[in-house]
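Every number here is computed from the coordinates shown, using simple stated rules; none is lab data. Note that the structure is predicted; figures quoted are calculated from it, not measured. Neighbour counts are summed over all protein chains in view; Cβ atoms, including those assigned to glycine, are modelled from backbone coordinates with ideal geometry.
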Amino acid sequence: HHYQRALQITPDDADAHIHWGLALAQQGRLAEAIEHYRQALRINPGHADAQSNLLNAIRGLDRRK
């Protein structure tokens with residue numbers, strides 16, 4: 001995956017974490033996606049896409065319970 005490679009090169013790229021999180025979420029790997037959204041927010045705390053995607057992924061996990 002392109003974003004996974006990007007994170008190996010530049011692990012502090014918030015957008016790469018978000019896009020990799022989206023790819024994981026599409027595969028149903030929500031817990032892993034959440035970690036990438038959280039990492040994006042550690043890098044850029046005000047990133048609206050990361051906040052929105054994190055909330056959606058957490059809601060998705062809650063629906064699975």
**Message:** Name the residue from G46, I18, L30 whose Cα lies farthest towards the positive end of the charge dipole of the chain, charges +1 on Cβ of Lys and Arg and -1 on Cβ of Asp and Glu.
**Reply:** L30
**Item:** Relative contact order %, region 2-64, counting alpha carbon pairs below 8 Å whose residues are six or more apart
**Value:** 30
**Message:** Starting from 0.36 nm per residue, how many nanometres of slack lie between Q27 and S52 once their C-alpha separation is accounted for?
**Reply:** 7.2 nm
**Request:** Could you calculate, for region 2-64, the ratio of the Cα radius of gyration to the Kirkwood radius, expressed as Rg to Rh?
**Result:** 0.96
